[in-house]
1. May I ask you to work out the translational diffusion coefficient for the chain at 37 °C, viscosity 0.692 mPa s, via Stokes-Einstein with Rh from the Kirkwood sum over Cα pairs, reported in whole µm²/s?
2. Taking the Cα atoms of the range 78-173, what is the range of coordinates along each of the three principal axes, in descending order and whole Å?
3. Find the relative contact order for the chain and round it to a whole percent, using C-alpha pairs within less than 8 Å whose residues are 6+ positions apart.
4. Given labels modelled 7 Å from the Cα in the Cβ direction, how far is it in nm from residue 166 to residue 56?
5. If packing is taken as the average count of other Cβ atoms within 10 Å, what order do 43-53, 116-126 fall into, highest mean first?
6. Can you put 68, 115, 73 in order of Cβ neighbours within 10 angstrom, beginning with the fewest?
7. So if R0 is 25 Å, what FRET efficiency would residue 95 and residue 24 give, r being the distance between their Cβ atoms, rounded to the nearest 0.05?
8. Restricting to Cα pairs below 8 Å that are 6+ residues apart, what does the relative contact order work out to for the range 115-173? Please round to a whole percent.
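Quick note: the coordinates plus some simple rules give every number you see, no bench work behind them. Predicted model only: the values in this text are computed from it and were never measured. Every residue, glycine among them, receives a Cβ derived from its backbone with ideal geometry; neighbour counts consider all protein chains shown.
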């Protein structure tokens, strides 16, 4: 069986530095760089957030905006260089919780070029007060676990600092 390309997952809270960490991981790979953006600008504040992300990247990046068909865009861009998916949380939200996580994991296992995926760590806060929010939090946690399982590396950004989770440091169970 052919081994898939290097997969890295970067998680963290809001404004933890996870996107910047993911960009550094992509730059370490060398070669082409493809930024797969799942965000949609429905208001001025989100437009400003998207613009800040664009300004942080140099001209060497190709940007593909795809809020829903992440599996398709990963297949279509394989062979163009290291892809950065930012972010899985928005993708899951964009699909109204109907994302095909099994298909995402399957396509990640088939990639020839590296993929770095960004996600949020939602499960560290309080239990949401409504069923829909709890369902989303649970689906998001299961998605993160499934992607982390196939990933070669898992990182967490905390206060702008990288913390490697996988592979675990020596001596960790």
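1. 199 µm²/s
2. Taking the Cα atoms of the range 78-173, the three principal extents are 41, 33, 25 Å.
3. Normalised by residue count, the contact order of the chain is 36 percent.
4. In this crude spin-label approximation the distance works out to 2.3 nm.
5. Per-residue Cβ counts within 10 Å, averaged per peptide and sorted highest first, yield 116-126, 43-53.
6. 68, 73, 115
7. 0.35
8. Result for the range 115-173 is 20 percent.
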